[in-house]
2 protein chains.
Amino acid sequence: MSQYVAFTEQDAIRYVQKNTTLFNIDDSLTCYEFGDGNLNMVFRVSNQAGQSIILKQALPYARCVGESWPLTLDRARIEAEALLAHSKVSPGHTAKVIAYNPELALMLLEDLGHMQILRTAQNQGQHFPLLGQHMAHYFANTAFYHSDFYLTAQRKKALVAQFINPELCQITEDLFLTDPFVGHERNNYPAELEPEVSKLQSNTSLRLAVAKLKSKFLSCPQTLLHGDVHSGSIFVDQSQTKLIDPEFAFFGPIGFDLGSFIGNLLINYCAQTGRMSDETARQTMQQHLLETLNITTSGFVQQFTELAAQHCQDISFADATYQQAFLQQVLQDAIGYSGCELIRRTIGLAHTSDIDTISDEKARLAVQQRTLVLGQALILNAQQVTTSAQLAELLHQHLN
Amino acid sequence: MSQYVAFTEQDAIRYVQKNTTLFNIDDSLTCYEFGDGNLNMVFRVSNQAGQSIILKQALPYARCVGESWPLTLDRARIEAEALLAHSKVSPGHTAKVIAYNPELALMLLEDLGHMQILRTAQNQGQHFPLLGQHMAHYFANTAFYHSDFYLTAQRKKALVAQFINPELCQITEDLFLTDPFVGHERNNYPAELEPEVSKLQSNTSLRLAVAKLKSKFLSCPQTLLHGDVHSGSIFVDQSQTKLIDPEFAFFGPIGFDLGSFIGNLLINYCAQTGRMSDETARQTMQQHLLETLNITTSGFVQQFTELAAQHCQDISFADATYQQAFLQQVLQDAIGYSGCELIRRTIGLAHTSDIDTISDEKARLAVQQRTLVLGQALILNAQQVTTSAQLAELLHQHLN
């Protein structure tokens with residue numbers, strides 16, 4: 001990493017002009033930085049004709065807390081390699097990497113600026129009828145083709161080593177799976193929630209269930225996960241869905257990505273009660289979110305089952321009964337992780353704009369109380385759910 | 001590995017004289033090779049006063065099948081590093097590494113020649129009253145100190161990468177967890193066993209349970225395992241127990257080592273019916289084997305529990321309820337793997353002398369039938385067992 005230097009906008013223009021053939025030599029290029037994440041700089045370089053490309057560079061520290069929280073630049077390699085790996089098996093739903101440079105911890109990406117970030121769009125009440133179907137394809141294909149069902153054990157072990165990602169995983173281990181449940185000064189919630197938080201943190205059944213989910217996150221390398229599938233990592237429009245930002249990628253439990261996504265849909269569901277004043281519009285939106293969730297989980301199970309039936313390479317895992325039992329456990333894990341996501345986005349360090357931009361304080365607090373109750377119900381009841389239909393039923397009970 | 005050259009006895013003498021201070025310059029050294037394994041050369045270098053040292057060198061192929069099965073020399077590094085890691089936490093029960101040379105794929109080891117290989121001694125009907133207690137200490141300490149209870153997630157991930165061991169793991173994946181259950185030309189059993197083997201391989205519940213055990217072996221890096229704890233990897237005498245040969249070491253499910261050892265005790269138990277003609281002596285030996293098994297499992301659970309209570313570093317795993325649930329699962333895994341060991345040593349490629357040296361063919365067949373029945377019972381009933389006492393009860397049912 002000795003060559004590393006943090007780019008300015010001029011550096012970005014020079015780099016793109018030198019390393020791609022997208023622009024003509026005499027194009028007048030403009031560039032602006034618009035990273036809203038905390039770990040990276042993101043530049044858009046465009047010419048006068050509106051052609052553009054994204055240059056993303058990892059910073060050697062977490063921007064939200066300044067230079068006091070150093071982070072490995074190796075995450076740029078992980079991110080690029082995860083995008084490339086996921087592109088091979090779900091090209092329609094993975095942002096395209098045009099080039100990457102490990103020394104400078106940067107990559108060039110297709111510009112998805114004509115699409116919207118899912119979280120922003122959902123906060124505006126927009127519907128995306130194909131989202132569930134697309135996410136199911138992405139989850140099933142990325143999970144199956146990097147699992148023991150498909151990879152030889154030797155290839156899988158090499159990939160596990162390639163994607164060992166200690167620093168980014170630790171952020172999840174701490175912020176997602178530990179702090180909200182055991183208490184930590186990094187936690188972040190209004191004083192009014194203290195009674196609920198205190199009750200949650202003293203619930204021993206909940207702590208036991210979350211410890212099992214954390215243990216799996218640490219020691220269950222089932223597949224190459226994206227590692228951070230929240231609504232801010234997804235570009236959408238009416239016809240397409242594309243995942244970005246897998247810098248948290250590592251080999252972990254299949255249910256983690258699916259659970260993170262489900263959790264984000266449910267956060268938006270709960271938040272809409274405080275966001276949309278038109279009751280009909282709100283109900284329609286919430287119905288759409290639940291449908292998306294159902295299509296995602298049932299589509300994931302169905303497509304993974306089909307992939308396993310057709311392309312399973314390991315004779316020990318070829319039985320349909322085994323595959324069914326395996327997927328049932330994946331679904332249960334996903335439900336558990338979705339509950340963690342609801343809780344950690346409510347009381348942990350990193351929140352979501354779905355909830356935090358609800359201007360009415362009372363309405364916001366009601367949403368936060370609801371996400372906490374729902375999150376706990378999901379974690380505590382996950383092991384009773386064996387099908388997507390039962391998950392829909394569980395959600396129906398707790399959302400009505 | 002460009003420096004690698006397979007040693008002769010003269011090379012071994014020269015290497016030891018040059019690289020240790022054990023012998024005087026004018027000592028007359030003798031050397032002989034006595035490796036009974038298939039993957040390595042093992043030399044004993046001694047002087048006229050009876051001082052001695054072991055030089056173990058990995059061969060670049062599996063000796064039993066000649067040069068047609070090439071194997072990485074990296075396993076010498078894995079073996080040396082695993083011995084060093086296990087020595088730190090269970091020094092009394094791990095063979096001492098004096099030096100190791102990665103280029104030559106060799107290491108110098110303390111000579112344990114004054115002790116006996118457990119399998120040989122047990123085949124002769126010898127008792128080792130401290131064996132269970134020693135193995136419990138070894139299993140509990142090596143498992144705990146390399147687990148998520150003790151290691152930081154970052155340190156653990158680094159160790160997981162250090163001990164990725166694809167080639168040796170594949171031998172276990174194939175010979176231990178696949179071939180005997182799905183059928184393979186490598187399997188090795190008398191024609192008379194065909195009906196039992198055929199029945200075993202068509203038992204779908206068994207295949208489902210074994211698939212789960214294989215999935216855990218592939219994707220559950222709970223701790224740094226020895227990876228090959230059979231009775232031939234254990235030196236014993238009346239006061240000491242020392243583990244050797246961890247070239248199969250990798251991060252896997254804690255129950256695997258414990259299960260392998262239990263399986264070997266039960267193989268010897270079953271084999272004694274065909275070995276010892278004196279009924280009183282045989283019953284005493286079998287009783288001793290069961291006691292050793294009980295002391296090992298209950299001692300393991302007790303000592304792991306104590307270590308977790310005193311030295312758990314991860315706040316999420318500090319609850320006694322979680323630790324108990326975790327150890328229950330470990331015990332169930334161990335029982336499952338012990339059943340696999342009984343079956344694969346009966347019908348798979350690699351057998352044990354416990355059974356194979358029973359000269360009476362009928363008696364040998366009866367033992368083989370019994371290990372097959374017992375192995376299946378253990379795999380199929382593992383999930384019903386929650387304590388070591390219940391395991392003792394399960395064994396009592398099936399051995400009487």
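The values are calculated or read from the model by the stated rules, or taken from the named source; none is laboratory data. Please read these numbers as outputs of a predicted model, since none were measured by experiment. Heads up, the Cβs are rebuilt from the backbone with ideal geometry, glycines too, and the neighbour counts pull from every protein chain shown.
Comparison of B:I171, B:I254, B:I234 shows that the only residue that is in the same structural domain as B:S147 (by TED's automatic domain parsing) and in contact with a Lys or Arg (Cβ under 8 Å, 6 or more places away or on another chain) is B:I234. Count of the stretch A:249-262 residues, restricted to those that are over 21 Å from A:L380 (Cα atoms) and either touching a His at 6+ places or on another chain (Cβ under 7 Å) or in a helix (DSSP H, G or I) (or both), is 1. On inspection, B:A95 qualifies as closer than 15 Å to B:P246 by Cβ and touching a residue at least 12 places away in the same chain (Cβ under 8 Å).
Let's see how each residue does on (1) within 13 Å of chain A (Cβ to nearest Cβ); (2) part of a helix (DSSP H, G or I):
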| position | (1), (2) |
| --- | --- |
| B:Q303 | no, yes |
| B:Q313 | yes, no |
| B:Q323 | yes, yes |
| B:L331 | no, yes |
| B:A350 | no, no |
| B:A363 | no, yes |
| B:V367 | no, yes |
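A residue that is surrounded by fewer than 19 Cβ atoms within 10 Å (Cβ to Cβ), touching a helix residue (DSSP H, G or I) at 6+ places or on another chain (Cβ under 7 Å), touching a residue at least 60 places away in the same chain (Cβ under 8 Å) and more than 14 Å from every other protein chain (Cβ to nearest Cβ) occurs somewhere in the stretch B:381-394. Quick check on the stretch B:146-160. Is at least one of its residues more than 10 Å from chain A (Cβ to nearest Cβ) and polar (S, T, N, Q)? No, because not a single residue in the stretch B:146-160 is more than 10 Å from chain A (Cβ to nearest Cβ) and polar (S, T, N, Q). Looking at A:Q328, A:Q323, A:Q310, just one residue is closer than 21 Å to B:R207 by Cα, surrounded by fewer than 17 Cβ atoms within 10 Å (Cβ to Cβ) and in contact (Cβ under 8 Å) with a residue 24 or more places away in the chain, and that residue is A:Q328.
When the residues of the stretch B:176-188 are filtered to those that are within 14 Å of another protein chain (Cβ to nearest Cβ) and either in contact with a strand residue (DSSP E or B) (Cβ under 9 Å, 6 or more places away or on another chain) or of a type in the set (S, T, N, Q) (or both), the one that is nearest to B:Q369 (Cα to Cα) is B:N187.
Within the set A:Q122, A:Q133, A:Q116, A:Q126, the sole residue that is without any contact (Cβ under 8 Å) to a residue 60 or more places away in the chain and more than 14 Å from every other protein chain (Cβ to nearest Cβ) turns out to be A:Q126. Annotation: B:E173 fulfils all but one of (1) within 10 Å of chain A (Cβ to nearest Cβ); (2) over 19 Å from B:S260 (Cβ atoms); the unmet one is (2). Of all residues in the stretch A:278-320, count the ones that are aromatic (F, W, Y) and more than 23 Å from B:K214 (Cβ to Cβ). Within the stretch A:278-320, residues that are aromatic (F, W, Y) and more than 23 Å from B:K214 (Cβ to Cβ) number 1. Is it the case that the stretch A:234-248 has a residue that's crowded, with 16+ Cβ neighbours inside 10 Å, modelled with pLDDT of 95 or more and facing chain B (nearest Cβ under 9 Å)? No. Checking each residue in the stretch A:350-370 for being under 18 Å from A:N187 (Cβ atoms) and polar (S, T, N, Q) picks out A:T352, A:Q368, A:Q369. No other residue among A:L399, A:L372, A:L378, A:L365 is modelled with pLDDT of 95 or more and surrounded by fewer than 21 Cβ atoms within 10 Å (Cβ to Cβ) apart from A:L365.
Number of residues in the stretch A:189-228 that are part of a loop (DSSP other than H, G, I, E, B) and either surrounded by fewer than 17 Cβ atoms within 10 Å (Cβ to Cβ) or at the interface with chain B (Cβ under 9 Å from one of its Cβ atoms) (or both) equals 7. Condition (residue is farther than 28 Å from A:A121 by Cβ and out of contact with any Phe, Trp or Tyr (no Cβ under 9 Å at 6 or more places or on another chain)) applied to the stretch A:329-344: is it met by at least one residue? Checked the stretch A:329-344: at least one residue is farther than 28 Å from A:A121 by Cβ and out of contact with any Phe, Trp or Tyr (no Cβ under 9 Å at 6 or more places or on another chain). Within the stretch B:165-195, if we keep just the residues that are more than 18 Å from the chain's Cα centre (by Cα) and of a type in the set (A, V, I, L, M), the residue that is farthest from B:P246 (Cα to Cα) turns out to be B:A191.
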